[in-house]
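Just so you know, all these numbers are worked out from the coordinates, no wet-lab data involved. Given the structure is predicted, the values throughout are model-derived calculations rather than measurements. FYI the Cβ positions are ideal-geometry reconstructions off the backbone, even for glycines, and counts take in every protein chain you see.
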Amino acid sequence: MEHSEMEFIAEKQKVKIVPNFSMSKIYFISGEVGPFQPGLPTEVPFWLAISLRQRQKCVIHPPDWLTIESLEEIKEAETTTELFTPLPNTHFREMCQLLLTHAKSNIQNADAVRTLVKDIWDIRAAKLRSSSDKFIRVQAGHARIDNLTLMEINIARPFLLASLDHLHTLRTSKLHVERIVPTQ
Amino acid sequence: MDLLCPPGGGMKQNYLSIDDIMMSSEKIPSTFLVSVKTLGYLDPSTNKKDIEVGSKLDLPLWLALSLAHPRKKFVTVELTKPYKATYREILKADAGVVNLYKLCPYYYALGQQQLSLNHAEGILVARSLILAFSDRFRRIMDLSGNAIGGDNSSLIQQFDEVERRLFALGQKSLQSFQRWEVGESRTLRTSELVSRHRKRKREAVD
């Protein structure tokens with residue numbers, strides 16, 4: 001899956017904004033977006049929030065988990081456990097990227113936040129690598145990993161699948177030599 | 001990497017795959033069990049007119065596979081050097097440092113093809129292939145997930161063709177991720193074909 005596609009899917013999430021214009025309800029195919037009053041916070045899908053922000057018609061409120069304190073907590077949890085911790089949002093990385101690009105001024109300490117997000121990403125990537133290495137070495141039949149985000153899965157997918165395919169052909173030939181599985 | 005005709009992969013070969021064609025031209029040391037008249041020119045060591053019984057030749061894999069078929073019994077073959085006990089021991093000790101490309105660019109494919117020739121050590125070869133790959137996996141994964149730069153030939157020097165393909169896949173994921181991070185996935189670019197086709201554009205006409 002392309003990264004831009006994943007970003008597209010992430011943009012469906014809802015986010016709080018404070019508009020500075022007023023408009024009545026808008027009816028979209030996916031649902032309705034409530035009446036806009038200047039100064040009253042409303043929930044809109046993220047793609048709409050970005051588009052309004054680019055025209056400077058609103059202020060985006062970053063979600064609660066995008067503060068330094070909660071990110072530090074998440075990072076602590078990640079470093080201590082061997083498994084993957086559940087992240088506050090299934091599209092963690094994409095949301096962070098989009099928020100930091102478009103709503104930079106609305107986030108406190110944007111640079112520190114960006115560094116923390118990258119740190120969390122690196123820790124999880126390292127865990128994913130070591131667990132797939134262990135998986136291949138032990139030649140397990142299947143593995144289960146919880147709490148991976150869409151983006152991480154899609155980055156690991158092509159390489160891991162191709163390697164597992166190769167390993168599978170090697171194992172099948174071994175079985176053939178042992179006269180368990182006949183080839184045609 | 002997408003291939004129009006991928007290699008067979010296991011003990012099968014894909015007729016139109018370039019990888020399989022190149023792999024099957026590797027030489028296998030074979031001993032003739034029968035004499036073959038008038039084909040003496042194939043043997044560079046003698047200049048007799050016929051191939052005698054018991055003469056040793058290096059036949060390409062595609063020839064050796066058909067001649068060594070158990071029902072035909074024209075030649076007997078032995079394992080090529082990279083799959084013999086010495087190299088198997090080296091791989092068992094540390095598979096990560098072995099230069100598989102130098103041993104045989106299609107190491108895994110040739111190894112699996114030779115399994116169908118019914119050697120006594122076949123099972124050991126099969127096991128050693130699996131162990132070698134699982135040992136080398138980590139290195140390929142780390143290098144492909146972290147290496148940036150145009151020229152990676154020094155890094156992948158020790159990889160055989162299959163591993164090089166895996167490396168390219170990992171690189172592609174990494175590069176596409178980096179492009180997305182920077183925001184390049186959103187920018188539209190003129191395709192080269194359009195910018196080069198030199199037809200008159202509308203602005204030129206007006």
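Descriptive notes on the structure:
- Taken about its Cα centre, the protein assembly as shown carries a charge dipole of roughly 1180 debye when the Cβ of each Lys and Arg holds +1 and the Cβ of each Asp and Glu holds -1.
- Between B:Ile148 and B:Val182, the contour length at 0.36 nm per residue exceeds the alpha carbon distance by 10.8 nm.
- About the centre of its Cα atoms, region B:80-183 shows a dipole size close to 140 debye [charges on the beta carbon of Lys, Arg (+1) and Asp, Glu (-1) only; nearest 20 debye].
- Neighbour-count ranking [beta-carbon atoms within 10 angstrom, fewest first] of B:Ile21, A:Ile50: B:Ile21, A:Ile50
- Label-point separation in nm, A:Asp133 to B:Ile123, each point 7 Å along Cα→Cβ: 3.2 nm
- Computed from label points 7 Å out along Cα-Cβ, the spacing between B:Gln175 and A:Leu148 is 2.3 nm.
- Choice from B:Gly183, B:Gly122, B:Gly111 showing the highest fluctuation, given a GNM over chain B with Cα pairs closer than 10 Å: B:Gly183
- The lysines within cross-link reach of B:Lys72, meaning a Cα-to-Cα straight distance under 27 Å and a gap of 8 or more places when in the same chain, are A:Lys174, B:Lys12, B:Lys27, B:Lys37, B:Lys48, B:Lys49, B:Lys56, B:Lys81, B:Lys84.
- Dipole orientation for chain A: of the candidates A:His3, A:Pro45, A:Gln97, A:His3 has the Cα lying most toward the positive pole (charges on Cβ; Lys, Arg +1; Asp, Glu -1).
- Other protein chain Cβ atoms within 10 Å, averaged over every residue that makes up A:128-134: 3
- Note on chain B: along the principal axes its Cα atoms extend 82, 48, 28 Å, ordered by decreasing extent.
- Taking region B:80-183 and dividing mean pair separation by its residue count, relative contact order in percent (alpha carbons under 8 Å, at least six apart): 33 percent
- Given charges at beta-carbon only (K, R positive; D, E negative), |dipole| of chain A in Debye: 400 debye
- Over chain A, Cα pairs under 8 Å with separation of 6+ residues give a relative contact order of 19 percent.
- Seen against the Cα atoms of chain A and their longest principal axis, helix A:110-138 is set at about 20 degrees.
- Sorted ascending by nearby beta carbons within 10 Å, beginning with the fewest, A:Leu167, A:Leu128, A:Leu99 become A:Leu167, A:Leu128, A:Leu99.
- Spin-label zone in region B:104-127 - amide nitrogen under 20 Å from a point set 7 Å from the Cα of B:Lys92 along the C-beta vector: B:108, B:111-112, B:115, B:119-127
- With R₀ fixed at 35 Å, the C-beta to C-beta distance from A:Ser70 to A:Asn20 puts the FRET efficiency at about 0.80.
- Square roots of five times the Cα gyration tensor eigenvalues for the protein assembly as shown, Å: 58, 26, 17
- Listed residues A:Arg114, A:Arg93, A:Arg157, most fluctuating in chain A (Gaussian network, C-alpha, under 10 Å): A:Arg157
- Taking all Cα pairs closer than 8 Å and separated by 6 or more residues, the relative contact order of region B:30-83 comes to 40 percent.
- Taking GluC sites (Glu not before Pro) across region A:26-114, the ones in a DSSP loop with at most 14 further Cβ atoms lying within 10 angstrom of their Cβ are A:Glu82.
- Applying the Kirkwood pairwise sum to the alpha-carbon positions of region B:80-183 produces a hydrodynamic radius of 14.8 angstrom.
- Extension gain, A:Ala125 back to A:Thr79 (0.36 nm per residue minus Cα-Cα distance, nm): 15.4 nm
- Helix A:92-102 vs. chain A, principal-axis angle (Cα, 0 to 90°, nearest 10): 40 degrees
- Sorted by Cβ neighbour density within 10 Å, fewest at the top, the residues B:Asp142, B:Asp20: B:Asp142, B:Asp20
- Helix B:161-182 axis, angle to chain B major axis (alpha carbon atoms, nearest 10°): 10 degrees
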